[in-house]
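A.B. asks: Please read through the structure below; I'll follow up with questions.
The values are calculated or read from the model by the stated rules, or taken from the named source; none is laboratory data. Small disclaimer: the values here were computed from a predicted structure and weren't measured. No Cβ is skipped: glycine too gets one built from the backbone with ideal geometry, and neighbour counts run over all protein chains shown.
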Amino acid sequence: MTDPKSAFPDRPQFSGFMKPCRVEGEVSNLEVLGQLPKEIDGVFYRVMPDPQLPPFIEDDPWFNGDGNITAFRFKDGKVSFQQRYVRTEKFVREREAQRALIGKYRNKFTDAVEFKVRSTANTNIIYFDGQLLALKEDSPPYAMDPITLETKGLYDFDGQLPSLTFTAHPKLDPKTGEMVCFGYEARGDGTPDVCYYNVTPDGKFTEVVWLVAPVVAMIHDFAVTENWVVFPIIPQVCDIERMKQGGEHWQWSPGTPLYLGVLPRHGAKSIDVKWFHYKNSFPGHTSNAYEDESGNLIIDLGLSDKNVFFWWPDAQGNAPEPSSIHSQLVRFTIDPRSEDLQLGEPRVLQGDNSEFYRIDDRFATRPYRHCFFDTMDTKLGTDFQRIAPKLGGGYPLYNSLAHYDIVTGETEVYFPGKTHMVQEPVFISRKDSEVEGDGYLLALVNNYETMSSELHLLDTNDFTRVKAKILLPGGDWGSSIVRYTALGYPNVVLGIHINMFLALPPGPESSLEKFQRYQRMAYEPEELKNLDRTSWFARKERGYQRIQETKNVTLGYTLHDFPVGMLAWFVGKLKAWSDDYPWTKDELIHWTFMHYQGSPSAAMQIYKEAEAVLNENRNSMLGKYISQPVAGSVFPKEVCPLSLEYRRCRWALIFIVKALALSSRLDERDMQHSILEAARAGGHFIAWERPEALASDVAEFFGRRGPVFCSARG
C-alpha cells in the first residue's frame with residue numbers, strides 16, 4: 001500500500017466552511033443570546049459527514065466523510081453540546097491504519113481493502129426503541145447510546161433485517177408508533193431489488209415485501225400514508241460494470257422518467273406494486289403524504305426539472321450550472337386503483353427555490369396545514385461576494401427558513417443575516433399544545449463571517465436566536481490550536497488560556513539590540529535563566545520535532561513495534577521537561593501501553609500537518625494579532641518559560657500583550673501580574689504534575705471575577 005496521506009488535498013471540498021472538523025468532545029451550558037424557553041426539554045441530534053483522515057482518493061466528495069454525531073441537550077433554559085464519531089467498521093479500521101482505506105463513493109471496487117460493511121453512517125440519525133440509529137442508505141444502521149453517544153455496533157433488529165441496505169429516511173407513524181422502512185439495491189450493489197418492511201415500536205417486523213424496481217436507481221426518500229407507501233425513484237442510475245472499471249456509482253440518465261412506486265402498506269405482495277411515471281425530473285425530500293376523501297394519494301415533495309446532484313453528470317459529462325437548479329414544493333395526486341400509470345402535471349404548492357421540508361410530525365400520514373423548509377431568496381440581501389471565498393466546496397443553497405401555510409397560501413420567511421446559510425430545520429411542538437404548527441423551529445445556521453455554526457431557535461409566532469460561544473484552554477499544541485481558532489473565529493472565541501509560550505531567545509534578525517544584550521548577559525538573573533532554558537530547548541530538545549514533521553509514520557511504526565523505545569522516550573522527556581515530577585513505574589507502564597495501543601503515529605500526525613500549513617504560508621499565523629483577551633500561566637520548568645523581556649518585545653509574543661492591551665481594562669502592572677506567576681513549581685506536563693495549579697489559573701482568568709471574563713463581557 002502507498003504511504004498514508006498526511007494532509008487533506010488542496011481541493012474545494014476540504015477548504016473553507018467545508019474543512020473537516022474532526023472534533024469529539026463536550027461543552028456544557030453554551031452561551032445563549034436571547035431567551036430559551038424552559039419548556040423545551042430534550043435533545044436535538046444531528047449528523048454530519050466529517051472525514052477523520054485525508055481521503056484515499058483526492059477528489060472524494062464531502063458527503064463520503066465519516067459520520068460525526070452532535071447532541072444539543074436542552075434543559076431548564078440551558079443547552080449543552082456533545083459530539084462523537086460513529087465507530088463504523090470503516091472508521092475503526094482507518095483509525096488503526098492511520099490512513100484512509102475506502103475508495104470512491106459507494107464503489108467497493110476502488111477500496112484499498114475489503115470491507116464487510118462500507119457504511120459511513122453520515123446521513124441521518126433517528127431515535128427508535130431506546131437507542132439512536134445512525135443511517136446511511138447503502139448499509140444497515142449503526143446503534144448508538146443516546147446518552148453517551150458510544151457506538152454499540154451494527155443493528156439488524158435481532159437478526160430480522162432482510163435487506164443489505166436501510167433507508168436514511170424511515171418514517172414514524174404518530175398513531176401506531178411503527179417505523180416504516182425500506183432498502184434499495186437491497187441484495188447488493190447494482191441489484192434492482194427493493195425491500196419494504198414495517199417495524200413495531202418494540203422492534204418486531206410485521207411486513208416484509210420484496211419488489212423489483214423498473215431501473216437500478218436512487219431512492220433517497222419515500223412517502224407514507226395510513227394505508228400506502230410511495231417510492232420516488234431519482235433518475236440517477238447505477239451500472240455495476242461502470243463501477244468495476246473504477247467509475248461512479250451514480251450517473252444521471254436524462255432518458256429515464258421519474259417513477260413513483262405505489263404499494264399497499266399492509267398485507268401486500270410483490271405483484272401489488274404499481275410503478276407510476278412522470279417525465280424526467282428530480283424528486284427531492286418529501287414533506288408529507290395522506291389519503292383524501294376519495295381514496296386518492298396526496299404526495300407533497302420537492303421537485304426540480306434538472307439534475308440536483310450535478311456532481312454526477314450524464315454519460316456525456318453534461319450537468320446543469322448549480323445556480324440554475326430550482327426545486328419547488330409540488331403535490332402529486334395519484335389514484336392507486338388506476339391502470340393508467342402515466343402521471344399528469346403536479347400542482348405547485350410553493351414556487352420558491354426550496355428543500356428539506358419538515359412538518360409537525362404529529363400530523364404525519366394525515367392531512368396537514370403547516371410546512372417548514374429551507375429556501376433561497378436572493379432579494380433578501382445575502383452578500384454572495386463576501387461569502388464566496390469561504391464556501392470551499394459548498395454552494396450557497398438556502399439563505400432563509402420559511403413557514404408555508406397550505407390553507408392560506410401565505411409564506412413567512414426568516415432571514416438570519418447577509419453572511420448566513422441555513423441547514424435542515426426540525427419542529428418542536430409547544431408543551432401541552434395540540435394545535436398543529438404551534439411551537440418552535442430549530443435549525444443550525446452557517447455564519448460565513450465568523451466561520452462558525454449557530455443554533456437558531458424560532459418561535460412559530462415570534463423569533464428567538466441562539467448562538468454558542470466557547471472559551472478554549474490550551475497547552476503545548478493546544479496553545480497553537482486555540483490561537484489559530486481565535487484568529488479564525490473571532491466572534492465565537494471569547495478568550496483563550498495558554499501555558500506554553502514557544503518563544504526562542506532573540507537573534508540578530510529579530511532584534512539586534514536585544515541579541516547583543518543577551519550576548520553580554522545584560523539581563524536580570526531570572527531573565528537569563530529563562531532565556532538560557534529556551535536556548536537549551538532550541539539547541540538540544542527539538543530533534544524529535546523535526547522527525548515528527550517529516551517522518552512521523554516511520555517513527556510511529558517503530559515505536560509501535562518497540563514499546564521499550566516508547567518507554568525510553570517518556571523517561572527522557574520527564575527528566576528534561578518536568579519539575580522533578582515523582583513518577584511511578586505503574587504510571588510509566590500505563591502511559592506506554594496507552595499510547596502503544598492508540599498508535600503513536602496518531603499523536604505525531606499534527607506535527608506534519610502543522611508544518612505543511614506553515615510551509616504553504618509562513619504568514620498564516622506568525623505576526624498576526626488576535627483581538628480576544630489572552631490568559632497565560634507560566635511554570636519554571638516549562639521548555640520555554642516566559643520572561644518579562646519577551647512580553648515587551650514586538651515580535652513572537654506581541655499577540656499576548658496586544659490582546660490584553662486592546663481587549664481588557666488592565667493597566668501595565670495588572671497585565672504583568674496576569675501573565676506571570678513565577679514563584680511556583682511545575683514543568684511542561686503541568687496538567688499531570690500540578691493539575692490543581694493549572695485548574696486554579698483557568699478558574700481565576702475565566703471566572704466571574706477574573707480579568708478575562710470581565711474583558712470578554714465588556
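A.B. asks: Output yes when any residue across the range 286-294 is hydrophobic (A, V, I, L, M, F, W, C) and in contact with a Leu (Cβ under 7 Å, 6 or more places away or on another chain), and no when none is.
C.D. replies: yes
A.B. asks: Residues in the range 387-397: is at least one of a type outside the set (S, T, N, Q), within 16 Å of residue 425 (Cα to Cα) and modelled with pLDDT of 95 or more?
C.D. replies: No, the range 387-397 contains no residue that is of a type outside the set (S, T, N, Q), within 16 Å of residue 425 (Cα to Cα) and modelled with pLDDT of 95 or more.
A.B. asks: Cβ-Cβ under 7 Å, sequence separation 6+ or interchain: first residue in the range 52-64 and closer than 14 Å to residue 22 by Cα, partner part of a loop (DSSP other than H, G, I, E, B) and basic (Lys, Arg). Which pairs?
C.D. replies: What qualifies is 52/22; 53/99; 54/5.
A.B. asks: Which residues, counting only those in the range 65-93, are touching a Phe, Trp or Tyr at 6+ places or on another chain (Cβ under 9 Å), at pLDDT below 95 and surrounded by 17 or more Cβ atoms within 10 Å (Cβ to Cβ)?
C.D. replies: 70, 71, 72, 73, 74, 79, 81, 82
A.B. asks: Among the candidates 443, 468, 503, which residue alone is within 24 Å of residue 391 (Cβ to Cβ) and at pLDDT below 75?
C.D. replies: It is 468.
A.B. asks: Would you please name the residue that is farthest from residue 176 (Cα to Cα), looking only at residues in the range 313-330 that are buried (at least 18 other Cβ atoms within 10 Å of the Cβ), free of Cβ contacts under 8 Å to residues at least 60 places away in the same chain and over 26 Å from the mean Cα position of the chain (by Cα)?
C.D. replies: 328
A.B. asks: Wholly within the range 379-438, which strands (runs of 3 or more DSSP E) include no fewer than the required count, namely at least 2 residues that are in contact (Cβ under 8 Å) with a residue 24 or more places away in the chain and of a type in the set (Val, Ile, Thr)?
C.D. replies: 411-414, 426-429
A.B. asks: Which of the residues belonging to the range 39-51 are among the acidic types (Asp, Glu) and more than 21 Å from residue 23 (Cβ to Cβ)?
C.D. replies: 39, 41
Quick grid of which residues meet (1) touching a strand residue (DSSP E or B) at 6+ places or on another chain (Cβ under 6 Å); (2) aromatic (Phe, Trp, Tyr); (3) more than 27 Å from residue 255 (Cα to Cα):
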| position | (1), (2), (3) |
| --- | --- |
| 317 | no, no, no |
| 324 | no, no, no |
| 329 | yes, no, no |
| 340 | no, no, no |
| 358 | yes, no, yes |
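A.B. asks: Just to confirm my filter: which strands (runs of 3 or more DSSP E) fall fully inside the range 13-93 and include at least 3 residues that are of a type in the set (Val, Ile, Thr) and under 11 Å from the mean Cα position of the chain (by Cα)?
C.D. replies: Strands (runs of 3 or more DSSP E) meeting the threshold: none at all.
A.B. asks: Here's another thing I want to ask about it. Is it the case that the range 34-55 has a residue that's of a type in the set (A, V, I, L, M, F, W, C) and farther than 21 Å from residue 455 by Cβ?
C.D. replies: Scanning the range 34-55, I find at least one residue that is of a type in the set (A, V, I, L, M, F, W, C) and farther than 21 Å from residue 455 by Cβ, so the answer is yes.
A.B. asks: Would you point out the residue of the range 576-585, among those that are under 16 Å from residue 686 (Cβ atoms) and exposed (fewer than 12 other Cβ atoms within 10 Å of the Cβ), that is modelled with the lowest pLDDT?
C.D. replies: So the residue we want is 580.
A.B. asks: Looking at the range 156-184, which of the residues that are touching a Pro at 6+ places or on another chain (Cβ under 8 Å) and of a type in the set (A, V, I, L, M) is nearest to residue 202 (Cα to Cα)?
C.D. replies: Selected residue: 179.
A.B. asks: Could you list all residues from the range 122-147 that are assigned to a loop (DSSP other than H, G, I, E, B), farther than 19 Å from residue 159 by Cβ and not charged (D, E, K, R)?
C.D. replies: Those that are assigned to a loop (DSSP other than H, G, I, E, B), farther than 19 Å from residue 159 by Cβ and not charged (D, E, K, R): 122, 123, 146, 147.
A.B. asks: Continuing with this model, one more query. Does residue 370 satisfy the condition of being within 22 Å of residue 404 (Cβ to Cβ), of a type outside the set (Phe, Trp, Tyr) and not assigned by TED's automatic domain parsing to the domain that holds residue 176?
C.D. replies: Considered against the rule, which asks whether it is within 22 Å of residue 404 (Cβ to Cβ), of a type outside the set (Phe, Trp, Tyr) and not assigned by TED's automatic domain parsing to the domain that holds residue 176, residue 370 comes out as yes.
A.B. asks: Taking interchain pairs and intrachain pairs at least six residues apart, which have beta carbon atoms under 6 angstrom, with the first residue in the range 154-180 and under 16 Å from residue 209 (Cα atoms) and the second of a type in the set (Lys, Arg)?
C.D. replies: Pairs that qualify, where the first residue is under 16 Å from residue 209 (Cα atoms) and the partner is of a type in the set (Lys, Arg), are 180/171.
A.B. asks: Quick check on the range 586-624: of everything there that is at pLDDT below 70 and more than 23 Å from residue 550 (Cα to Cα), which residue is surrounded by the fewest Cβ atoms within 10 Å (Cβ to Cβ)?
C.D. replies: 623
A.B. asks: Could you check residue 365 against (1) polar (S, T, N, Q); (2) assigned to a helix (DSSP H, G or I); (3) under 30 Å from residue 256 (Cβ atoms) and say which number it fails?
C.D. replies: For residue 365, the failing item is (2).
A.B. asks: Specify the residue that is farthest from residue 226 (Cα to Cα); the eligible residues are those in the range 163-189 that are over 29 Å from the mean Cα position of the chain (by Cα) and surrounded by fewer than 16 Cβ atoms within 10 Å (Cβ to Cβ).
C.D. replies: Residue satisfying both the conditions and the ranking: 177.
A.B. asks: So, residue 132, is that one within 21 Å of the chain's Cα centre (by Cα), hydrophobic (A, V, I, L, M, F, W, C), modelled with pLDDT of 95 or more and within 28 Å of residue 285 (Cα to Cα) or not?
C.D. replies: Against the criterion (within 21 Å of the chain's Cα centre (by Cα), hydrophobic (A, V, I, L, M, F, W, C), modelled with pLDDT of 95 or more and within 28 Å of residue 285 (Cα to Cα)), residue 132 qualifies.
A.B. asks: Filter the range 441-463 for residues that are more than 19 Å from residue 372 (Cα to Cα) and either of a type in the set (Lys, Arg) or not in a strand (DSSP E or B) (or both) and give the result.
C.D. replies: Answer for the range 441-463, where residues must be more than 19 Å from residue 372 (Cα to Cα) and either of a type in the set (Lys, Arg) or not in a strand (DSSP E or B) (or both): 448, 449, 450, 451.
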